[in-house]
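Structure in structure tokens, see below.
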Amino acid sequence: MAQRVAVVGFGQTHHKSNRGDVTGIELINEAVRRALEDAELGPGDIDAVVIGNMDHFENINLADMWGVEGTGGYLKPVMKLTTGGTTGTTVAIAGYYHVASSLFDVVLAVGWEKNSESDTTGGTITAFDPVWERFSFPGALPGLALDAVVYMQKYGVTEKDGARVAVRDRANAARNPYAHLRDPITVDDVLRSPMLSYPIKLLDICPRSDGAAALILAGEEKARKICRQPAWIWSVSVCHNYTYTSDVNFGYLDTLEQACRETYKKAGIKDPGKEIDVIEMYQPCSFAGLSWLEAMGFCGPGEAPGLLWDGATDAGGDLPVNPSGGVLNANPIGATGTIRVGEVARQIQGRAGACQVPEVKTGLATGFGGCYWSDVLLLGNRPR
């Protein structure tokens, strides 16, 4: 019998370029311990574990079994999932379905990455066809750059608009003790930073971080006992519809539009701009924070820069985006999407500390990766 599901615990590590003080297993355990402490549970209260990372980055075989001492999954059902950049949201969605199906009542979902010990370029380059695409798409950056160029040319968007997104998110990250990058920056700092692939400069793009994050999801009966204010998962959606980059509608993320549309429909959302209080967007570069906001239905095509400069997407605005600082300031790839879900849950629970947005009742978390695929989770402060 199906049951409603909520996030009742969340823990994350402090994210850095190199967490040389811990092994990968210890990194995982740091996040898991914090999630268990947050929910006031012990390892014995967990029925099953879902874990994910970019396992071909670290070259670890069977990371689900390798990491069992970190997750506490000994003699428990453990599922490993790897779906590119969306891995962190994928483990959250899988945990949600594990509980919603009533197969389990309490599930631990863990995302992690130790990028300092990985080969991300060698891993991502194989995502592209070796004959037709790899020469021009060696990794994630060229595709993001092309997406930005098309968007800029279509709507007259400037490099300064992208820089303003990076400045906003860094200002938010300065209040987040877990963020990797926390030093404030200016628009001029972004514009003067080294060019990587036009128009994306060093301060327009996300870092590579070591880190882990863990969510505890519970069915309604358990959730009400565990947590004073559960963050209820209202709806989730996954959409991936590209195989070749030649099929991509650059300048507009169709999969995100489709996933959001499905998520809103399931939850009965008619006007996302008025019904959703906070967004944690998987935003790998600054320009994505503009065009993808349009794909999510919060404004019309080409209108996102206006919202940005008006301050609507700032932490104190009508539509706060990435109050945690987002992906531009912490990117432990397998955990990045998990953090988005956890940060939204924290906002709904009123426990986001210095990053808290007032009176949050609903929040949207997204994931991006794979063949331009998108994950979306909508959470609220009451069951639905």
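Yes/no matrix, rows are residues, columns are (1) over 22 Å from W234 (Cα atoms); (2) touching a helix residue (DSSP H, G or I) at 6+ places or on another chain (Cβ under 7 Å); (3) at pLDDT 95 or above:
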| position | (1), (2), (3) |
| --- | --- |
| Q12 | yes, yes, yes |
| N18 | yes, yes, yes |
| I25 | yes, yes, yes |
| E37 | yes, no, yes |
| N61 | yes, no, no |
| M65 | yes, no, no |
| T82 | yes, yes, no |
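Continuing with the same structure: Does V341 count as of a type in the set (V, I, T), more than 24 Å from E159 (Cβ to Cβ) and not in a loop (DSSP other than H, G, I, E, B)?
The answer is yes for V341.
Out of the helices (runs of 4 or more DSSP H) lying entirely within region 243-317, which hold 2 or more residues that are under 18 Å from the mean Cα position of the chain (by Cα) and either at pLDDT 95 or above or surrounded by 24 or more Cβ atoms within 10 Å (Cβ to Cβ) (or both)?
Once the helices (runs of 4 or more DSSP H) in region 243-317 are filtered for at least 2 residues that are under 18 Å from the mean Cα position of the chain (by Cα) and either at pLDDT 95 or above or surrounded by 24 or more Cβ atoms within 10 Å (Cβ to Cβ) (or both), what remains is 254-267, 288-295.
Pull out all pairs, ordered by first then second residue, where Cβ-Cβ is under 8 Å, the residues are six or more apart or on different chains, the first lies in region 3-19 and is surrounded by fewer than 22 Cβ atoms within 10 Å (Cβ to Cβ), and the second is among the polar types (S, T, N, Q).
Taking only residues 6 or more apart or on different chains, the pairs are Q3/S102; K16/S209; S17/N115; S17/S116; S17/S209; N18/S116.
Does region 322-333 contain any residue that is more than 26 Å from G156 (Cβ to Cβ) and in a helix (DSSP H, G or I)?
yes
This table checks each residue for (1) farther than 30 Å from E40 by Cβ; (2) surrounded by fewer than 22 Cβ atoms within 10 Å (Cβ to Cβ); (3) of a type outside the set (F, W, Y); (4) at pLDDT 95 or above.
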position	(1), (2), (3), (4)
D169	yes, no, yes, yes
D189	yes, yes, yes, yes
I200	yes, no, yes, yes
R208	yes, yes, yes, no
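If I ask for residues that are more than 20 Å from V327 (Cβ to Cβ) and not small (G, A, S), which ones from region 255-276 would you list?
Correct list: Q258, R261, E262, Y264, K265, K266, I269, K270, D271, P272, K274, E275.
Can you tell me which residues in region 176-217 are in contact with a Gly (Cβ under 8 Å, 6 or more places away or on another chain) and free of Cβ contacts under 8 Å to residues at least 60 places away in the same chain?
none
Can you tell me which residues in region 260-294 are within 23 Å of V150 (Cα to Cα) and out of contact with any Pro (no Cβ under 9 Å at 6 or more places or on another chain)?
Hits for region 260-294 are M281, Y282, Q283, P284, C285, S286, A288, G289, W292, L293.
Shifting gears a bit: With E275, E220 as the choices, which residue is more than 26 Å from A140 (Cα to Cα), in contact (Cβ under 8 Å) with a residue 12 or more places away in the chain and touching a Ser or Thr at 6+ places or on another chain (Cβ under 8 Å)?
Just one listed residue meets the conditions, E275.
Further question on the same structure: Within 22 Å of G367 (Cα to Cα), touching a Gly at 6+ places or on another chain (Cβ under 9 Å) and surrounded by fewer than 24 Cβ atoms within 10 Å (Cβ to Cβ): which single residue out of G111, G84, G24, G72 fits that description?
Being within 22 Å of G367 (Cα to Cα), touching a Gly at 6+ places or on another chain (Cβ under 9 Å) and surrounded by fewer than 24 Cβ atoms within 10 Å (Cβ to Cβ) holds for just one of G111, G84, G24, G72, which is G84.
Could you please find all residues in region 149-195 being more than 17 Å from P301 (Cβ to Cβ), among the charged types (D, E, K, R) and over 22 Å from the mean Cα position of the chain (by Cα)?
E159, K160, D188, D189, R192
The values are calculated or read from the model by the stated rules, or taken from the named source; none is laboratory data. Computed from a predicted structure; not experimentally measured. We place every Cβ from the backbone using ideal geometry, glycine too, and count neighbours over all the protein chains shown.
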